[in-house]
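Here the structure is laid out as structure tokens; the discussion comes afterwards.
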Amino acid sequence: MKILKNALLIVGLFTVCAVSIHAVQQEEGAAGSGEVSEKKINKSVSVTYEIKALPMPVNLEFAGEKIPLEDPDVYERMDRELLVNTYWQSNALLLIKRANKYFPVIEPILKEEGIPDDFKYLAVIESGLTQAVSPAKAVGFWQILEGTGKEYGLEINSNVDERYNVEKSTRVAADYLKKAKERFGSWTLAAASYNAGQYGVDKQLERQKVEDYYDLLLGEETGRYVFRIMALKEIMNNPQNYGFNYDETDLYQFIPVEKVKVDTVVKDFPDFAEKFGINYKILKIHNPWLRDDHLKNASGKTYYIDIPEQGYYPKLK
């Protein structure tokens, strides 16, 4: 019996030692593989990707008005927006692509209305050049509220919403900005008022006893507003300086259209589209302001519907 106990004890000790050795080997193996993996990752990251501080452009201006970069607070705020928008690469590249498609529509209207070209970047930061709808129900490229749109003459109802019409909404934005410039005497303050409202900016100027946007203490959104516009202007005008490389063929293309006059009821837009060799989807892409699949138009109002020129979309089967 004593011999059996000794034998079992020896077997037990041997088993414990074997398990311990195996566990140590596994840990060493895991540690070794971890080091190799870590080295591979570090090497891969260091060779293929670098995050660099960005040099501040000299003599930045917005709409012909100098940005006082000698003010350290202004410098830091400008630097922040350049960094954020440069290193959000996918978003910046999408904006560059979309701008090639939509700036040819926006630019001539701003010029005709006497608005500095820099304000096209206001539409970029407002909506990303998409038909966005904000939580506050501001709509379209220029993020126009229903009350504001109606005040400036846009038709807004369940059948037609002209806030989605890029040309008409651009003219509304231009009208607003001209009035704001007359009120404040500054394009920079006019831009800030597009975000905070003219009354809101006026109130803060009076309360803080200053006359300049860059001297105002504002909330997070309005405080960043002009800096975001300027950052995207700088990046989109000089994309190669910020690491964006592409060919012209990579950009989204502007598609010329024919404007078709309509002053009657349209019972069925899919049928209407087919008459012009396109489908309903394409019709709505070019006319997002048409909010239904028909047009009521009991009053006989004149509308102009955009029909893309032939050759840009596949022919209907």
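The values are calculated or read from the model by the stated rules, or taken from the named source; none is laboratory data. Note that the coordinates shown come from a computational prediction; the quantities given were computed from them, not determined experimentally. Quick reminder, even Gly has a Cβ in these numbers, built from the backbone with ideal geometry, and neighbours come from all protein chains shown.
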Among residues of the stretch 200-235, those that are within 16 Å of residue 181 (Cβ to Cβ) and exposed (fewer than 14 other Cβ atoms within 10 Å of the Cβ), counted = 2
Contacts under 7 angstrom Cβ, first residue in the stretch 52-66 being in contact (Cβ under 8 Å) with a residue 24 or more places away in the chain, partner of a type in the set (Gly, Ala, Ser), 6 or more apart | 65/186
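So which helices (runs of 4 or more DSSP H) are wholly in the stretch 209-310 and hold at least 2 residues that are under 22 Å from the mean Cα position of the chain (by Cα), over 25 Å from residue 157 (Cα atoms) and among the β-branched types (Val, Ile, Thr)? Break it down into steps so the answer makes sense when it comes.
Numbers: elements: 220-237, 269-275, 280-286.
So the answer is 220-237.
Pull up the stretch 180-208, narrow it to residues that are within 15 Å of residue 62 (Cβ to Cβ) and of a type in the set (Ser, Thr, Tyr), then point me to the one that is nearest to the chain's Cα centre (by Cα). Before you say what the answer is, go through the steps one by one.
Of the stretch 180-208, the ones within 15 Å of residue 62 (Cβ to Cβ) are 180-181, 184-195.
Restricting the remaining residues to those that are of a type in the set (Ser, Thr, Tyr) gives 186, 188, 193-194.
On the way: 186: 25, 188: 20, 193: 20, 194: 17 Å.
The residue in question is 194.
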When residues of the stretch 176-217 are filtered for being among the aromatic types (Phe, Trp, Tyr) and more than 16 Å from residue 64 (Cβ to Cβ), how many remain?
-> 3
Looking only at residues in the stretch 26-80 that are part of a loop (DSSP other than H, G, I, E, B) and among the charged types (D, E, K, R), which one is modelled with the lowest pLDDT?
-> 50
Considering the stretch 87-123 alone, what residues qualify as being farther than 24 Å from residue 65 by Cα and of a type in the set (Lys, Arg)?
-> 97, 98, 101
Any idea which of (1) within 19 Å of residue 231 (Cα to Cα); (2) surrounded by fewer than 17 Cβ atoms within 10 Å (Cβ to Cβ) is the one residue 78 doesn't satisfy?
-> (2)
Give me the pairs: first residue in the stretch 77-96 and β-branched (Val, Ile, Thr), second residue at pLDDT below 95 and assigned to a loop (DSSP other than H, G, I, E, B), beta-carbon distance under 7 Å, and six or more apart or on different chains, which are they?
-> 86/54
Could we say that residue 153 is at positive phi and in contact with a helix residue (DSSP H, G or I) (Cβ under 9 Å, 6 or more places away or on another chain) here?
-> yes
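Return the residues of the stretch 142-176 that are assigned to a strand (DSSP E or B), aliphatic (A, V, I, L, M) and closer than 19 Å to residue 259 by Cβ; say none if nothing qualifies.
In the first step, residues of the stretch 142-176 are kept if they are assigned to a strand (DSSP E or B); the result is 144, 156, 160-161.
Cutting the leftovers down to aliphatic (A, V, I, L, M) gives us 144, 156, 160.
Of everything in the stretch 142-176, just one residue is assigned to a strand (DSSP E or B), aliphatic (A, V, I, L, M) and closer than 19 Å to residue 259 by Cβ, namely 160.
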